[in-house]
Amino acid sequence: EPPGQPVEDAPGRADPGQDEFEARAEGVVTEFTVSVEKGPGVTVGLQTQASKSRGGLRIRSVRPDGLIGRWNEEHPDALVQKDDWIVAANGVSSPSSAMYSAIAEASVLELRIQRSMK
């Protein structure tokens, strides 16, 4: 990829490796997908805030006992962190109310996460 171009992880690729290192160095945006299955008595474990100006849901905190906290334990190379953005939930990218509905209603969640590298 030419220098300065965004680096996007290939679907299913767990270790972005050198590309992610280069992305961090250049201050670009990286995206990855998180897939989790909801079950009885388990919450997603995210506190989010909708953004009208940017679009998407900003992650304010991740609870270690929720589904995303478990994801983080199982996928240390693809951690969901505070200040990441959910840019799509099960293919829904706007408005934020529709994203919240997709998260609440689905039993399997596919969240597209975006992070600005500094």
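The values are calculated or read from the model by the stated rules, or taken from the named source; none is laboratory data. Being a predicted model, the structure only gives us computed values, none of them experimental. Surface areas here come from the heavy atoms of the whole protein model, side chains and all, with no ligands, DNA or RNA. Shrake-Rupley method; radii C 1.70, N 1.55, O 1.52, S 1.80 Å.
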Accessible area of segment 44-100 belonging to carbon and sulfur atoms, whole % at 1.4 Å probe: 48
Write down the accessible area per residue of segment 60-118 in Å², having rolled a 1.4 Å probe over the full set of protein chains. 55
Could you please state, rounded to a whole Å, how far the C-alpha centre of segment 102-118 is from the C-alpha centre of segment 44-62? 10
